[in-house]
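Nothing in this text is a laboratory measurement; each read-out follows from the coordinates by a stated rule. Everything numeric in this text was worked out from a predicted model, so none of it was measured. Here the Cβ positions follow ideal geometry from the backbone for every residue, glycine too, while neighbour counts run over all protein chains shown.
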Amino acid sequence: MGITFAIIAALTLVSAIAAMSLRNLVHCALSLAVTFAGIAAMYLQLDAQFVGFAQILVYIGAVAILIVFAILLTRSSETPQPVISRSWIMGIVIALAVFGVLTKVILSSSIAQRELPAKPAPTVRQIGDQLMTRYVLPLEAIGLLLTAATIGAVIIAMHDKKGRGDGGQNVNSTPSRAEAHQHADETHNLIT
Amino acid sequence: MVPLYYYLIFSALLFSVGLAGALTRRNAILVLIGIELMLNAANLNFIAFWRYSPDPEALTGMMFVIFSIAVAAAEAAVGLALIIAIYRHYRTVDLTKVDSLKG
């Protein structure tokens, strides 16, 4: 089992570093999809099948594709040459410090050495039971949140029709309106 | 099977990679990708603690991750809509150039 963990961890970490350091943004998004797949494999290895497949559906199926569409809509696939600036060094130092503190705390904790207990085998039926009984109120709240977020995302990404802003892009009203409808449709399709 | 701290250290590494990316990259989409990586690292911690807990039948960690994935999906949708709105206004997604409120 240790070798499986090592392979998945190495793949996930390499693709995560690639997603954060590659120059072409489309390559970053594709490496991000590989990272999400690696994390889903981690979930499957931890006997959390439902969460693993939900991860594949939501993250690889929706979030990664949404990021690819955002890259295409903003036409920003080529980023400028990254420079080794002061803020860059500060960011790396802060990340390393956070990792050092986390590792120190994890290794000094008493529960870190805990061995794996017996396989729990929670079925999807149990998860559904819990969602419909104990967690029914959070489930309703999450449904409301998703609806509000979807409507909000469509409204934010839509052109404002009155042209009240001084952005200077809404001078010609008719094409802009058609474009707004098209963008709203695209965003809606992306989210649903 | 590997002990619990392997998963915790792997998750800490993933979190640090996401944090470094979110702090150093200047493209707004890459900052959002870094935030997604950090969220995933936290979710992995939840699942690891749930699996290694003495009472896994309670399903608490798993429920938390399910709700967390739903919130992360909403966050990604709103965040990318904001990035598209910023791009339309400023014609760039470079975060160092979006500084109208800077004193």
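Using only the Cα atoms of the stretch A:24-153, construct the convex hull and provide its projected area averaged over every direction, in square nanometres to one decimal. Don't jump to the answer; show the numbers that get you there.
Details: hull surface 48.5 nm².
The directionally averaged projection comes out at 12.1 nm².
Provide the per-residue ³J(HN,Hα) series for the stretch A:35-43, in order, calculated from phi with Karplus coefficients 6.51, -1.76, 1.60 and θ = phi - 60°, each as a whole number of Hz, with x at glycine and proline positions.
Using θ = phi - 60°, the values come out as 4, 4, 5, x, 5, 4, 5, 4, 4 Hz.
List the residues of the stretch A:26-48 whose backbone N lies under 15 Å from a point placed 7 Å from the Cα of A:Leu72 along the Cα-to-Cβ direction.
A:26-27, A:29-30
Taking 7 Å along the Cα-to-C-beta vector as the label spot, tell me the B:Thr96-B:Met1 distance in nanometres, rounded to one decimal.
4.8
Between B:Val31, B:Ala12, B:Ile69, whose Cα lies farthest towards the positive end of the dipole of the stretch B:4-97 when Lys and Arg beta carbons carry +1 and Asp and Glu beta carbons carry -1, centred on the Cα centre?
B:Val31
Tell me, what is the percent relative contact order of chain B, built from C-alpha pairs under 8 Å that lie six or more residues apart? Provide the component values of the computation, followed by the final result.
On the way: 82 pairs, mean separation 27.7, N = 103.
Relative contact order here is 27 percent.
Determine the shape class of chain B: with a ≥ b ≥ c the square roots of the Cα gyration tensor eigenvalues, call it rounded for a/c under 1.5, and otherwise prolate if a/b is greater than b/c, oblate otherwise. Can you show the working numbers first?
Values: a/c = 4.29, a/b = 2.16, b/c = 1.99.
Note, shape of chain B comes out prolate.
Take the alpha carbon gyration tensor of the stretch A:1-90, find the square roots of its eigenvalues, order them as a ≥ b ≥ c, and report rounded if a/c is under 1.5; if not, report prolate when a/b exceeds b/c, else oblate. Provide the component values of the computation, followed by the final result.
Numbers: a/c = 3.14, a/b = 1.52, b/c = 2.07.
Cα axes put the stretch A:1-90 in the oblate bin.
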